[in-house]
Amino acid sequence: IEYKIGFSLNIPDLYRIAKSDDDFFWLRKNLSNSKTIEIMFYEVPMEAISEGDSTIVDIINVRNRITKTKIPGEDGIYMAVEDAYAPGLFKTIVDNKPTYEVRGLWEMKGYTMAGPFITYAIEDKINNRYLMADGYVYAPSLNKSEYVFELEAMIKSIQIK
């Protein structure tokens, strides 16, 4: 990750790389049977996310495009942001850089799976990009707050090179 996308972070040993290429990393931690905590890292150009009223729409569109193309399911099934609940947009700081934080629910289109997600768009002006850190949880019948907190802790440890 450090060599290909140019940042480092603290990742617990239980995470494994599920998929990687030059500009995309997908890590997973199996909790039990089919329960998982997952996190993706990728970058988008600064122009992909605009300031103002369309910021959250841009971030959701980027996320939906990535999950549909990089983490496709079988028979046209794919992950997308849940339409029924509007995600929240917040401003924060990661690695001393302005960052958009989006919290919401994801669902699998065409299948019955869903859960919470958090997406951080870290402004990296030096490299003319947003570094995207996107975590989500699938753990039916379990309280997911501690798993989302684990994702936040990893994301907030990011240091861009």
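The values are calculated or read from the model by the stated rules, or taken from the named source; none is laboratory data. Because the structure is predicted, anything quoted here is derived from the model rather than measured. Don't worry about glycine lacking a Cβ; one is built from the backbone with ideal geometry, like all the others, and counts go over all protein chains shown. Side chains are part of the model used for accessible areas, which takes the heavy atoms of the whole protein and leaves out ligands, DNA and RNA. Shrake-Rupley method; radii C 1.70, N 1.55, O 1.52, S 1.80 Å.
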So which residues in region 129-160 are under 13 Å from D95 (Cβ atoms) and open to solvent by 40 Å² or more (accessible area, probe 1.4 Å), if there are any at all? K156, Q159
Name every residue in region 81-97 that is part of a strand (DSSP E or B) and closer than 21 Å to D53 by Cβ, in order of residue number. V81, G88, L89, F90, K91, T92
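This table checks each residue for (1) touching a Ser or Thr at 6+ places or on another chain (Cβ under 6 Å); (2) under 21 Å from K144 (Cα atoms).
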| site | (1), (2) |
| --- | --- |
| K68 | no, no |
| P72 | no, no |
| P87 | no, yes |
| T92 | yes, no |
| P98 | no, no |
| Y111 | no, yes |
Going through region 106-161 one residue at a time, which ones are part of a loop (DSSP other than H, G, I, E, B) and closer than 24 Å to K68 by Cα? G110, Y111, T112, M113, A139, P140, K144
For region 90-106, which residues satisfy the criterion of being under 14 Å from the mean Cα position of the chain (by Cα) and open to solvent by 40 Å² or more (accessible area, probe 1.4 Å)? R103, L105
Only one of I118, I122 that is of a type in the set (A, V, I, L, M, F, W, C) and under 14 Å from I160 (Cα atoms): I122
Scanning region 125-145 for residues that are free of Cβ contacts under 8 Å to residues at least 40 places away in the same chain and of a type in the set (D, E, K, R) gives K144
Is one or more of the residues making up region 109-120 within 17 Å of N61 (Cβ to Cβ), open to solvent by 10 Å² or more (accessible area, probe 1.4 Å), among the charged types (D, E, K, R) and at pLDDT below 95? yes
Result of the Cβ filter at 7 Å on region 7-35, keeping first residues that are in contact (Cβ under 8 Å) with a residue 60 or more places away in the chain and within 23 Å of P140 (Cα to Cα) and partners that are of a type outside the set (V, I, T) and open to solvent by less than 30 Å² (accessible area, probe 1.4 Å), at least 6 apart or interchain, is L31/A139; K35/A139
Based on this model, can you work out whether A80 counts as of a type in the set (G, A, S), open to solvent by less than 20 Å² (accessible area, probe 1.4 Å) and touching a Lys or Arg at 6+ places or on another chain (Cβ under 7 Å)? yes
Taking region 68-106 only, how many residues are touching a residue at least 60 places away in the same chain (Cβ under 8 Å) and not acidic (D, E)? 2
